[in-house]
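Inspection log for the structure reproduced underneath, given as structure tokens.
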Amino acid sequence: MITSTASLPSAFPVFVQGLLLSLGLIVAIGAQNAFVLRQGLRREHVGVVVLFCAGADAALITAGVMGMARALGESPGLARGLALAGAVFLAYYGWQALRRARHAARLRASADGPGFTRGAALAQAAGFTLLNPHVYLDTVLLVGSIGAGQPEALRGWFVAGASCASLCWFALLGFGARWLAPWFARPRAWQLLDSLIGLTMFVLSALLLRHVIAG
């Protein structure tokens with residue numbers, strides 16, 4: 001999906017925007033992250049679980065961008081409306097992240113309990129990934145509409161950035177579990193992380209709003 005018509009200097013900011021947006025949405029305390037961390041602690045089917053979670057995100061993001069691009073191409077007014085809605089949602093998400101930063105929380109994952117076969121581990125990963133309604137709101141609708149709003153030659157770079165964020169995060173969780181687990185168990189670490197996410201979401205919201213006004 002990455003085209004050769006876009007120069008690297010113009011593509012890099014779009015890649016980074018997709019990267020930061022995806023990271024901001026995926027880095028949170030939740031069942032999917034806890035499951036990947038658990039598999040990493042057990043060193044059990046880590047590679048296939050990481051690849052499944054990252055691959056599912058990449059597929060949903062690509063489908064969202066391509067589908068939204070077709071829909072927005074037929075209705076320019078809808079593009080502005082979705083971009084404005086996206087800016088509002090990102091600001092709201094940023095506010096929620098900053099509010100979470102005021103309260104202590106931790107990501108708990110234990111290596112205790114029975115192990116899984118490869119098929120069972122993939123089934124668990126699929127359930128945590130695809131049965132969560134928020135994943136469709138985040139990847140297909142929000143990321144898809146923002147990616148579709150990029151120039152056609154740069155949409156592939158946006159998808160690549162968003163997909164790269166997902167792959168890097170799940171790989172870090174799974175393969176770095178034994179090193180990261182004590183860090184994730186500290187409420188202060190999540191407070192700092194949520195603060196950073198909140199500020200990032202506000203910056204992305206402002207950039208999107210500027211694009212709406214300029215358009």
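Things worth noting here:
- Residue by residue, the range 25-35 carries 3J(HN,Hα) couplings of 7, 8, 7, 7, 6, x, 5, 5, 5, 5, 5 Hz when phi is fed to the Karplus relation 6.51 cos²θ - 1.76 cosθ + 1.60 (θ = phi - 60°); x denotes Gly or Pro.
- Choice from P133, P151, P114 showing the highest fluctuation, given a GNM over the chain with Cα pairs closer than 10 Å: P114
- On full extension, the segment bounded by L192 and M66 gains 41.9 nm, given 0.36 nm per residue less the C-alpha separation.
- Structure-derived Cα extents along the principal axes in Å: which label, when the choices are [x] 54, 38, 31; [y] 60, 46, 35; [z] 46, 45, 33: [x]
- Computed from the C-beta positions of A206 and A123, the FRET efficiency with R₀ = 41 Å rounds to 0.50.
- Calculated FRET value between Q96 and A59, using beta carbons and R₀ = 30 Å, to 0.05: 0.70
- When the helices of the chain are scored as -39500 (n - 2.57) per DSSP H run of n ≥ 4 and the total is divided over every residue, the value at 222 nm lands at -25000 deg cm²/dmol.
- Point-charge dipole on Cβ atoms (K/R +1, D/E -1) for the chain, about Cα centre, debye to 20: 660
- Computed 3J(HN,Hα) for the range 155-163, one whole-Hz value per residue from the Karplus formula 6.51 cos²θ - 1.76 cosθ + 1.60 where θ = phi - 60°, is 4, x, 5, 5, 4, 4, x, 5, 5, glycine and proline marked x.
- Residue separation of S10 and A85 scaled by 0.36 nm, minus their Cα-Cα distance, works out to 24.5 nm of gained length.
- Net charge of the neighbourhood of A126, taken over other residues with C-beta under 15 Å away and scored Lys/Arg +1, Asp/Glu -1, is 0.
- Charge dipole of the chain about the Cα centre (unit charges at C-beta), most positive-ward option of L192, Q17, G30: L192
- Listed residues A206, L107, S75: farthest to the positive end of the dipole of the chain (Cβ charges): L107
All of the numbers you see were taken from the coordinates with simple rules; none came from a lab. Predicted model, so just to flag it, every value in this text is computed and none were measured. Heads up, the Cβs are rebuilt from the backbone with ideal geometry, glycines too, and the neighbour counts pull from every protein chain shown.
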